Each structure stands twice: as structure tokens, then as C-alpha cells.
Amino acid sequence: MRSDFSPDTVDGAPWAFIAVMGVTGAGKSTFIQWASGSSEIQIGHDLESCTSDITGYTFFFNGYNINLVDTPGFNDTHKSETEVLQNIASWLKETYEGATRLNGIIYLHSLSNVRMEGSALRNLKMFRQLCGQEPLKNVILATSFWAEVAKDDAIRREEQLRTTPQFWGDMLDRGSTMKRLVDRASALEIVGLLVKKPHVTLQIQHELVEDNKSLVDTAAGQAVNEELMRLQEKHEDDLKRVQKELHEALEEKDHEMQHILKQQQERLDKEIEKVHIEQEQLRYDRRAERRKIESEYGLQLHGIREEYERRARAEREAHQAMLQQLNFDQAVALVRANEGKIPIREREELERKIAELSKELNSLSAQQKTAKPGKSSAHPERKKKGSSRYLFKALQVALPVTTMALLGVPIFSPFGSGSGAGGLMDKIFGGDALGGAEEPGA
């Protein structure tokens, strides 16, 4: 076996990723030290957690580069169950998004625990929700600390784990494998069982990435949230009882009991606050994700709006510049094409202005011809490029701005540039209103 093992990875060898999970004190660090041969792993000898972060330990075994990933215990002494779930879920999400797939998970349980109850049972439920049904075929359930327990007791506890559905029984029925961790050889045997397993996607990875769920909405997150809600209800009921007893102690002037009950009240207040904090942590993922999406969307929307406004302004300016280059007769064709959109009284005023200006321009052309008979213009004044300004400026004085917009007439700013009505003209008319008008110089 030693010839198939190296503490160093081998270039070109395929990789196998295996997560190691379990409650604090289950023997995760011991397992990884035995399997990897690494002396850098700190092993705890009490219930204090030695693993606070997710850490990978690599080595070469049986043709594979192995990465054993040590995870915080589900009942970590320094982190809440919510924080542990957040850490593990974030790592699983990142690895999945980075196209790294697990070959399996090793879940350790110490036989030194007389019963499977309390936090161990709750966290086993969370572990099952984290994995899902199909991935259980890639899970090895390993019992540890055989040397610390009398053999008969260890075997009895192992059998209880095996046969009780809410312990390991149901997972074994769904394809999980049960093994004993007793020494380094057994640790490497467990690793060897998983390296050739097909890659697996855990339920929480699918929920977070493929279904785009928030952590609190995943099956594992809901399992944690249900427990938090149960604890909150229990603490609040206890607090009501203590407050009632404290009221009675105050009436009876029982100072000693008052002191005891006030201490209990303070403890329960802290427990309720702790539950609230964990609930907020569980929901923080959703709020943070929502803020991220809203921020990114806001930036995109701002950029889209700026680009739209820039283009609209450019189109409006180009459209108004084009209108100002029309000759008088083309301008008349424009407004007459749209005069059906304005009231009859304003339509009459429009025609009166057109008639007045036509007469003035014809007179101006005649005067120019008389003054310079040998240098007459190739076109009369009303046919000259830009003569539309006579009509547009006259109408701006005679008609309301809204009527000008309906007619498709540019609004001349006192500062010399077009203003907002042009955008409305673009939307209503575009350039179609000029159809059939004579081109400049025609």
C-alpha cells in the first residue's frame, strides 16, 4: 500500500475531492491525519473545535490526487449551526460554480457518544437535507473512537446506528456505506472506496446554483430554521413562566427568589436574542443576494438610461437640424400633413399664417428680382434651403407649444438650441410627415 501513497500530489494524475463532515469531536481531524499522513492537522482531545475554517489536505493515493476537505463541526464551539451551514454551503456553491465536483462525503460519528440525540440528531437531519437522496450513494458513514469504548458497547451502538431509520438506517437503505475507522489502513480504505465513485451534485448545490434559491429556502436551511423557530417558541414560553413567577415573588417580597428568577430572565433574554441573531444570519444570504442583484440592476439601468438619453438627444438634435434646413414649401407640407391633429380654430390660424408668409416671401422674391435683374436667384425665396425658419418662428409666436409639437414643428429656445418638445415630435412623427415634399433646391 505504501508504494501507492505519496504525501505529494503527482502531475497528470486525476483528482478526487472528498468532504469530511460530522459534529465536533467525531474524529474528522484524526481521520484526515491518518489518511493524508499530514502532521499539520491539529487534533482536539476535548469538545473544543479545532477546525474553524474549510481546509483541503492533498496527497496521492492509488492513482489519484486526493483532496480531503475538512469542514467545521455542525455543533462547532465557536460558531452557530447557521454559521457552519453558511460556510459549508458557500464552499459547496463556489466549487460547483467552478466546475469542481465531489466524489463523495465521509460523515463521522463517535461511538463514545452513548446516545444519538440532541444536536447530533438535529445535525444529522441537516446533513441529509444538504445531500439529498441520490447523492447518498456517495456517502460513507464511519464510526470512530473504537479504542475508547468497550467492544460490546461499541458493537451495540454501531448496530443501533445501522438499524434505526432516523439515525443511519434510512441512508444505508438508499445506498450509503457504513465503515469502521480504527487506524490508518481503515482511513485509506475509506478513501479508496470513494475515489472511483462518479462525481456527484449535492442537493444544496443544485438548489443554490441551478434553482437559484437562497440558503434559507434550501432544504438544509429550512431544517435549521425550523429548529430555530422551535427554540424561539420554547424560550419565549419559559420566559413567560419566569416572568409570572417573578411577579408572584415580588408580591410576596421573596427577595431570594426574585434574584434567582431575574437571573433566569436575563439568561432567557440572551437565548432569545441569540436565536434572533441566527435567524438574521440565515436570512442575510437572501438579503445580501437581493441587494447585489438590485445594485447590479441599478447600475445597468442607469447605464441604459444614460445611453438612451444620449441617443434620444442626438436624434432630436439631428431631426431639428434637418427641419431647419427645409425650405418654406417643405415646411408647409410638414405642418399641413399634421394639421388634422389640432383644433379647427388653431388650424385656421395656421392657414392664415401660411398665407401671410407666402405673400411676404413672394413679395421679397419680386423685390430682389427688381433690384438685381441680372442676378436673379435660381429659386424664389420660398424655395431656398433654410427658409422654413420663417414659418417655424412665426408659428411659435402664434400657436401653443403643444400645438407646435403636434404639427411636428421644432421649438426654438431663446438660447439658440432645440428643447424637449422635439423628442415628443420624434416619437409622434419620426420623418414620415415629409413624404412628398419638394427637396431643397427643387
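The values are calculated or read from the model by the stated rules, or taken from the named source; none is laboratory data. Just so it is clear, the structure is predicted and the values come from calculations on it, not from any experiment. Quick reminder, even Gly has a Cβ in these numbers, built from the backbone with ideal geometry, and neighbours come from all protein chains shown.
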Looking only at the range 334-347, and only at residues there that are out of contact with any helix residue (DSSP H, G or I) (no Cβ under 7 Å at 6 or more places or on another chain) and in a helix (DSSP H, G or I), the one that is surrounded by the most Cβ atoms within 10 Å (Cβ to Cβ): ARG336
Criterion violated by GLN86 - all others in (1) of a type outside the set (A, V, I, L, M); (2) surrounded by fewer than 23 Cβ atoms within 10 Å (Cβ to Cβ); (3) farther than 30 Å from VAL275 by Cβ satisfied: (3)
Restricting to the range 108-163, name every residue that is part of a strand (DSSP E or B) and in contact (Cβ under 8 Å) with a residue 40 or more places away in the chain. LEU108, HIS109, SER110, ILE140, ALA142, SER144
Answer yes or no: is there a residue in the range 169-179 that is farther than 13 Å from LEU141 by Cα, part of a helix (DSSP H, G or I), in the same structural domain as SER38 (by TED's automatic domain parsing) and in contact (Cβ under 8 Å) with a residue 40 or more places away in the chain. no
Candidate set: the range 11-27, residues that are hydrophobic (A, V, I, L, M, F, W, C) and at pLDDT 90 or above; chosen: the one farthest from the chain's Cα centre (by Cα): ALA13
Pairs with Cβ under 7 Å, 6+ apart, first in the range 83-101 and outside the structural domain of LEU282 (by TED's automatic domain parsing), second polar (S, T, N, Q): GLU83/GLN281; GLN86/GLN281; ILE88/THR71; LEU92/GLN205; LYS93/GLN205; TYR96/THR201; TYR96/GLN205; ARG101/THR201
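Conditions (1) closer than 23 Å to VAL191 by Cα; (2) within 35 Å of the chain's Cα centre (by Cα); (3) buried (at least 19 other Cβ atoms within 10 Å of the Cβ), marked per residue:
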residue	(1), (2), (3)
LEU111	yes, no, yes
ARG128	yes, yes, yes
VAL149	no, no, yes
ASP152	no, no, no
Please verify whether ILE190 is β-branched (Val, Ile, Thr), assigned to a helix (DSSP H, G or I) and touching a Leu at 6+ places or on another chain (Cβ under 8 Å), treating the condition exactly as stated. yes
Selection within the range 200-241 - among the acidic types (Asp, Glu), in a helix (DSSP H, G or I) and under 30 Å from TRP15 (Cα atoms): GLU207, GLU210
Within the range 73-107, which residues are out of contact with any strand residue (DSSP E or B) (no Cβ under 9 Å at 6 or more places or on another chain) and assigned to a loop (DSSP other than H, G, I, E, B)? ASN75, ASP76, THR77, HIS78, LYS79, SER80, GLY98, ALA99
List pairs: first in the range 331-347 and more than 11 Å from LEU406 (Cβ to Cβ) and modelled with pLDDT of 85 or more, second among the aromatic types (Phe, Trp, Tyr) and not in a helix (DSSP H, G or I), Cβ under 9 Å, 6+ apart or cross-chain? none
Name the single residue, out of those in the range 43-64 being out of contact with any Asp or Glu (no Cβ under 6 Å at 6 or more places or on another chain) and of a type in the set (Val, Ile, Thr), that is modelled with the highest pLDDT. THR58
